[in-house]
1. Is segment B:20-34 home to any residue that is within 12 Å of another protein chain (Cβ to nearest Cβ), surrounded by fewer than 16 Cβ atoms within 10 Å (Cβ to Cβ) and at pLDDT below 95?
2. Which condition number does A:GLU41 fail, the rest of (1) more than 10 Å from chain B (Cβ to nearest Cβ); (2) surrounded by fewer than 20 Cβ atoms within 10 Å (Cβ to Cβ) being met?
3. In segment A:69-101, what residues are away from chain B (no Cβ under 14 Å), over 17 Å from A:VAL50 (Cβ atoms) and either of a type in the set (Lys, Arg) or part of a loop (DSSP other than H, G, I, E, B) (or both)?
4. Can you pull out the residues in segment B:57-107 that are touching a Gly at 6+ places or on another chain (Cβ under 8 Å), open to solvent by less than 40 Å² (accessible area, probe 1.4 Å), assigned to a strand (DSSP E or B) and within 11 Å of chain A (Cβ to nearest Cβ)?
5. Assigned to a strand (DSSP E or B) and over 13 Å from the mean Cα position of the chain (by Cα), is that true of A:GLN104?
6. Return yes or no: is A:LEU54 more than 14 Å from every other protein chain (Cβ to nearest Cβ), part of a strand (DSSP E or B), under 13 Å from A:CYS22 (Cα atoms) and of a type in the set (A, V, I, L, M, F, W, C)?
7. Just to be sure, is A:TYR24 within 14 Å of another protein chain (Cβ to nearest Cβ) and either assigned to a strand (DSSP E or B) or open to solvent by 60 Å² or more (accessible area, probe 1.4 Å) (or both)?
8. Of the residues that make up segment A:59-68, is at least one more than 14 Å from chain B (Cβ to nearest Cβ), open to solvent by 20 Å² or more (accessible area, probe 1.4 Å), among the hydrophobic types (A, V, I, L, M, F, W, C) and part of a strand (DSSP E or B)?
Amino acid sequence: GQNIDQPTEMTATEGAIVQINCTYQTSGFNGLFWYQQHAGEAPTFLSYNVLDGLEEKGRFSSFLSRSKGYSYLLLKELQMKDSASYLCAASIDKLIFGTGTRLQVFP
Amino acid sequence: KAGVTQTPRYLIKTRGQQVTLSCSPISGHRSVSWYQQTPGQGLQFLFEYFSETQRNKGNFPGRFSGRQFSNSRSEMNVSTLELGDSALYLCASSLAAGGGEQYFGPGTRLTVT
């Protein structure tokens, strides 16, 4: 079967760095997406990793290890507006989402 | 370019009734996927339509159905509503089918009483 795991909740302090992990077990894996979803809003695209390694995009970076079935999203210089849910999704001819990680950033 | 739109945004229905939700994709996008989002289960894939054909389906009962029109607009229908169908229903559009980058609409919040 298809399985995506990520922590349910995380907390961090403004200005800090936080890493949100995601492990997956799927067949026919194409790549790994990260989406951000603020409460009451639609998910918005953050990153897509196809190859192993780290991809940096401003304060956000995403890492993928296909051999380990593992990805993480790294958020640097946290801001209050980063408080949101972060969803990882495996692309396997459709998107299979994890349950999401709710991140709360405190001042 | 206008984003994905969904109507209605909020809906309250009674158990046993049926409901139809609508989704208009980004212009030029031919793939529309539907998801159910609940606090405990996260986003669960319902189905994907591409060029008016259902090309993929999730593990939902037959009460959940959908269709896509020639202008790529899509509708999903839920018949014989149950309390457990209360959820946020999101649609997402993409240029190509099969798990590429998807752009989500704001969702329809369905409450079944």
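The values are calculated or read from the model by the stated rules, or taken from the named source; none is laboratory data. None of these values were measured; they are calculated from a predicted model. Heads up, the Cβs are rebuilt from the backbone with ideal geometry, glycines too, and the neighbour counts pull from every protein chain shown. For accessibility, only protein heavy atoms count, side chains too; no ligands or nucleic acids. Shrake-Rupley method; radii C 1.70, N 1.55, O 1.52, S 1.80 Å.
1. Scanning segment B:20-34 turns up no residue that is within 12 Å of another protein chain (Cβ to nearest Cβ), surrounded by fewer than 16 Cβ atoms within 10 Å (Cβ to Cβ) and at pLDDT below 95.
2. Among (1) more than 10 Å from chain B (Cβ to nearest Cβ); (2) surrounded by fewer than 20 Cβ atoms within 10 Å (Cβ to Cβ), the lone unmet condition for A:GLU41 is (1).
3. From segment A:69-101, those away from chain B (no Cβ under 14 Å) are A:69-83; that's our starting set.
Within this subset, residues satisfying the condition of being over 17 Å from A:VAL50 (Cβ atoms) are A:74-83.
Across segment A:69-101, the qualifying residues are A:LYS76, A:GLU77, A:LEU78, A:GLN79, A:LYS81, A:SER83.
4. B:LEU88, B:LEU90, B:CYS91, B:ALA92, B:SER94
5. Working: assigned to a strand (DSSP E or B): yes; over 13 Å from the mean Cα position of the chain (by Cα): yes.
Spelling it out, A:GLN104 is indeed assigned to a strand (DSSP E or B) and over 13 Å from the mean Cα position of the chain (by Cα).
6. Taking the combined requirement at face value, the residue does not satisfy it.
7. Values: within 14 Å of another protein chain (Cβ to nearest Cβ): yes; either assigned to a strand (DSSP E or B) or open to solvent by 60 Å² or more (accessible area, probe 1.4 Å) (or both): yes.
It is true that A:TYR24 is within 14 Å of another protein chain (Cβ to nearest Cβ) and either assigned to a strand (DSSP E or B) or open to solvent by 60 Å² or more (accessible area, probe 1.4 Å) (or both).
8. Taking segment A:59-68 as the starting set, the residues that turn out to be more than 14 Å from chain B (Cβ to nearest Cβ) are A:59-61, A:63-68.
Applying the additional criterion that residues be open to solvent by 20 Å² or more (accessible area, probe 1.4 Å) yields A:59-60, A:63, A:66-68.
Cutting the leftovers down to among the hydrophobic types (A, V, I, L, M, F, W, C) gives us A:60, A:63.
Checking which are part of a strand (DSSP E or B) leaves us with A:60, A:63.
Yes.
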